[in-house]
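K.L.:
Structure in structure tokens, see below.
Where a number appears in this text, it was derived from the coordinates with a stated rule and is not lab data. Fair warning: this is a prediction, and the values are worked out from it, not measured in the lab. No Cβ is skipped: glycine too gets one built from the backbone with ideal geometry, and neighbour counts run over all protein chains shown.
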Amino acid sequence: MALRDEEQRTLTEIERHLVEEDPKLANQFAGHSSTRSLMIVTTGVVVTFAAGIAVLITGIQLASPLLVLVGVIFTMAFPALTGWALSSRRRGRSSK
């Protein structure tokens, strides 16, 4: 939903005052990822997990150790590493 010009000017003025009064707090707010980017990452992890399950099942049915290994990596390792990277990134921001 787009803001009207007056609302956008008011928001810009509030942001400017915040930066002037408390730059550290303004930097903390600026550093947070938006809900949209978090949704994109979450969707990517869910899709990767589902693809991993499909590859894992296919590997089991075809008795292919390589496909099973790839399925396990996509199912477990990739989402876990993504979660770890996001949490360490948040911890890094909060310690500043």
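K.L.:
Between Met76 and Ser88, what is the spin-label point distance in nm, taking each point 7 Å from the Cα along the Cα→C-beta axis?
P.N.:
Modelled inter-label distance: 2.0 nm.
K.L.:
Taking R0 as 30 Å, what's the FRET efficiency between Thr12 and Ser37 from their Cβ-Cβ distance, rounded to 0.05?
P.N.:
Computed FRET efficiency for Thr12 and Ser37 comes out at 0.85.
K.L.:
Exposure proxy check: Val72, Val47, Val55 ranked by fewest other beta carbons within 10 Å? The partial results should precede the final answer.
P.N.:
Working: Val72 14, Val47 11, Val55 20.
The most exposed by this proxy come first: Val47, Val72, Val55.
K.L.:
Roughly what would the spin-label model give for Val19 and Gln61, points 7 Å off Cα along C-beta, in nm?
P.N.:
Going from the Val19 label point to the Gln61 one covers 5.6 nm.
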